[in-house]
């Protein structure tokens, strides 16, 4: 009796593992390494969910290369840079040839450096890094690499878009720069000074501040007092998370009237935690690839948006996962292969559909280019933002678009391409 | 004049926030000798409870109910867990509260999710009370200030002027004698721990809406609280108050000063031509190093006066 039971058990194990092997052969696996635990888990999980949704959509439409499916394999790095490397080793061991990541540029840097060594030492077994959100400019400049593709605008491009919009507004005369004192904040500050001098020479920089990052500052009132006494009408800041929320809250509570030009201060969870009054007391402007209430939002994207809403019960926020996977699929079809080297060459110069015209992957540095939209937080919108059944009562209103031509910046990238 | 007023007033407001955060911790340490690593977690729980309660029955009830729930939680933690760990010494206690910190963080994430929740300043106090040199002061901020001052006065008088305070203080230094006089010493400890946690919870209720209520708030607040109690003197309520206000004023004043070593050298008519690392150092303005100043104060204090400003025993 018992031996029979063991036999059946062994047989079923063999069958199951056989089934999973055949399944593994059919799918094209993309590993995603993001925080699924710890304080930034919600960001990581949302990205994974978005990617899974778009993979599902592609699979339902018939898959890739005549029916092969895309499989998203999530790995948790708990927002610890060493863990990212550990998980990447697992990805390498499991022979997954594509890896994507985006939360935290220090994690992305670890992936770039580890893969650089791996790809050099294991010809024919190269792994490609599809970077969906890590924005440090050097990744597509001095650190550029053939097996790295970035599907988000880098810091310099985002700051250029913010400054381009500021230059259009004649009411802006004095700007105060306030940034976090670490790699990202410093590069934001450097880019802001450069583009303000080049593209908006009429705007005077009346303050330039670097603060201790990551929620260490509890009291932003002294900074608000400094901004008040500087006479600034606009604050240009790269702050995110509590550093952005507390600054904007302190300004609203002290009745300081300024505009905030930001990259990340308008993210949905952030504006919800600040509340409607604070989020709309001052104009909080953000720069993104698209948003739902934009007048030029194309019909086909609206359909995908509503499908996504049904899938996840969340309003769409970032469109990058969509065009990243779409362009990836297009490249695989074009290369007629799933080999990262062939797909890499196919991705160079590849175009795709964006929310506002065509988007393209620049061949010389593997940096994507798309039109960017400036929008501010408002309660007076057609569709409010909904996150897991919670209606935030706010969303975004377009201030203007900056075309990709205006955001095309020179690169210092000297890429070594593999020989075929 | 404006600058001096702003520095002192804002320093006081920020300092009283720090005091509320750390008073419970220093109380627990001074009375029981337990360094409670999970203190900031009770602060976070206070903010989340206040968010949940004020959603249904308003802010004012939350102000009273949330600290009471936290006090109960704290008392239960002391009675059923900490008391058992106590006999294995201080390391065991420390490790226990350290573990508790992570448990509370995970619990909060499970219940309220991982994104910040929308806990806002109550509407009836969300207006500008008065303005001074271009800066408005919100009624809620002044309310917080008044509550924290009231808390200090109440705590201080209870501990030094009343019979209860007498028993508490006696129980800490001579538990056997107090016990043989017929007082229930374990119960006294439980109440002190509960009170300490309630103070943290109250701070959470009052500050959660201005600092932002999210699962990582306990982690980012941890260090500064320890600075306050070490500088003030472990276990000294007066010390915690003075240290908090000192840190508040120091930090506010430092942020206002855009002076660096380099700008000082330049005003006396010299130019320095140094490349590389040294340049970064002399270009640092005082406002940039302001957030490090409390920690600098901690180090200096430990070197020259390890017992802190008002402490009566060395760290």
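The numbers here are math on the coordinates, done by the rules we state, and not lab data. These figures come from a predicted structure and were not determined experimentally. As a convention, Cβ positions derive from the backbone with ideal geometry for all residues, glycine included, and neighbour counts pool all protein chains shown.
Fewest first, what order do A:420, B:60, A:48 take by the number of other Cβ atoms within 10 Å?
Details: A:420 6, B:60 12, A:48 22.
The most exposed by this proxy come first: A:420, B:60, A:48.
Rg and Dmax over the alpha-carbon atoms of segment B:143-252 stand at 16.2, 50 Å. By DSSP, what percent of the beta bridges with both residues in the protein assembly as shown are antiparallel, rounded to the nearest 5? So the antiparallel bridges in the protein assembly as shown amount to around 45 percent. Spatial offset of segment B:185-218 relative to segment B:1-55 amounts to 8 Å, using the alpha carbon center of each.
Listed from fewest to most Cβ neighbours within 10 Å, the set B:112, A:401 follows the order B:112, A:401.
This ranking places A:237, B:162 by how few other beta-carbon atoms lie within 10 Å of each, fewest first, which gives B:162, A:237. Compute the helix-to-body angle for A:242-253: its Cα long axis versus the longest principal axis of chain A, expressed 0 to 90° and rounded to tens. Once rounded, one gets 30 degrees.
Taking every alpha-carbon pair under 8 Å whose residues sit at least 6 apart, chain A reaches a relative contact order of 15 percent.
Round to the nearest 0.05 the FRET efficiency obtained for residue A:295 and residue A:414 when R0 = 41 Å and r is the Cβ-Cβ distance. Write down the numbers at each step before the final one.
On the way: r = 42 Å, r/R0 = 1.01.
Working from the Cβ atoms, E equals 0.50.
Using only Cα atoms, figure out Rg for segment B:54-146 and give it as a multiple of 2.2 N^0.38 Å. Kindly include the intermediate steps, with their values, before the conclusion.
Numbers: Rg = 19.0 Å, N = 93, 2.2 N^0.38 = 12.3 Å.
The reported ratio for this selection is 1.54.
Gaussian network model of chain A, Cα springs within a sub-10 Å range: biggest mean-square fluctuation belongs to which of A:410, A:74, A:213? Comparing A:410, A:74, A:213 in the GNM, the peak value goes to A:410.
I need to check one value: relative contact order of segment A:270-420, counting alpha carbon pairs closer than 8 Å and at least 6 residues apart, in percent.
That works out to 26 percent.
In segment A:62-187, the alpha-carbon atoms span a convex hull of 158 Å³ per residue.
Give me the percent of Cα-Cα pairs in the protein assembly as shown that sit more than 36 Å apart, rounded to a whole number.
Working: 132503 of 269745 pairs.
Roughly 49 percent, once rounded to a whole number.
How big is D for segment A:255-362, in µm² s⁻¹ as a whole number, if Stokes-Einstein is applied with the Kirkwood radius of its Cα pairs at 37 °C and 0.692 mPa s?
Values: Rh = 16.4 Å.
Value of D from the Cα-based Kirkwood radius: 200 µm²/s.
Using just its DSSP H runs of length 4 or more, each adding -39500 (n - 2.57), chain A gives a mean residue ellipticity at 222 nm of -14000 deg cm²/dmol after division by all residues. Just need the relative contact order of chain B here, percent rounded to a whole number, with Cα pairs under 8 Å and 6+ apart. Normalised by residue count, the contact order of chain B is 33 percent. Computed from Cα positions, the angle between helix B:59-77 and the longest principal axis of chain B comes to roughly 60 degrees. The calculated FRET efficiency for the pair residue A:338 and residue A:309, based on their C-beta separation and a Förster distance of 45 Å, comes to about 0.90.
Once you order the gyration tensor axes a ≥ b ≥ c over the Cα atoms, which shape class does chain A get: rounded for a/c under 1.5, otherwise prolate or oblate by comparing a/b with b/c? Since a/c reaches 1.5 and a/b is larger than b/c, the shape of chain A is classed as prolate.
Using the beta-carbon distance between residue B:183 and residue A:216 and R0 = 30 Å, what value does 1/(1 + (r/R0)^6) give for FRET efficiency, to the nearest 0.05? Please list the in-between numbers first.
Working: r = 43 Å, r/R0 = 1.44.
Taking R0 as 30 Å, the efficiency between residue B:183 and residue A:216 is 0.10.
Let a ≥ b ≥ c be the square roots of the eigenvalues of the Cα gyration tensor of segment A:156-288; is it rounded (a/c under 1.5), or, if not, prolate (a/b larger than b/c) or oblate? Since a/c stays below 1.5, the shape of segment A:156-288 is classed as rounded.
Roughly speaking, what is the stretch gain from residue A:384 to residue A:277, that is 0.36 nm per residue apart minus the C-alpha to C-alpha distance, in nm to one decimal? Intermediate values should be presented prior to the final figure.
Values: separation 107, 0.36 × 107 = 38.52 nm, distance 1.53 nm.
Gain in length upon complete extension: 37.0 nm.
Compared with the dominant principal axis of the Cα atoms in chain B, helix B:163-173 is inclined by about 80°. Note on chain B: helix-only mean residue ellipticity at 222 nm, from DSSP H runs of 4+ residues weighted -39500 (n - 2.57) and normalised by residue number, equals -24000 deg cm²/dmol.
If you take the alpha carbon radius of gyration of segment A:123-208 and divide it by 2.2 N^0.38 Å, what ratio comes out, to two decimals?
On the way: Rg = 16.1 Å, N = 86, 2.2 N^0.38 = 12.0 Å.
Relative to the rule-of-thumb radius for its length, segment A:123-208 sits at 1.34.
Inter-chain neighbour count for B:210-220: the average number of beta-carbon atoms from partner chains within 10 Å of each residue's beta-carbon is 6.
If you take the square roots of the eigenvalues of the alpha-carbon gyration tensor of segment B:81-191 and sort them as a ≥ b ≥ c, do you get rounded (a/c under 1.5), prolate (a/b over b/c) or oblate?
On the way: a/c = 3.55, a/b = 1.46, b/c = 2.43.
Cα axes put segment B:81-191 in the oblate bin.
Max-minus-min Cα coordinates of chain B on each principal axis give 75, 47, 39 Å, with the largest extent listed first. When the Gaussian network model of chain A links Cα atoms closer than 10 Å, the mean-square fluctuations of A:157, A:372, A:274 top out at A:274. How far is the Cα center of segment A:74-146 from the Cα center of segment A:401-418, in Å? With segment A:74-146 and segment A:401-418 each reduced to a Cα centre, they are spaced 21 Å.
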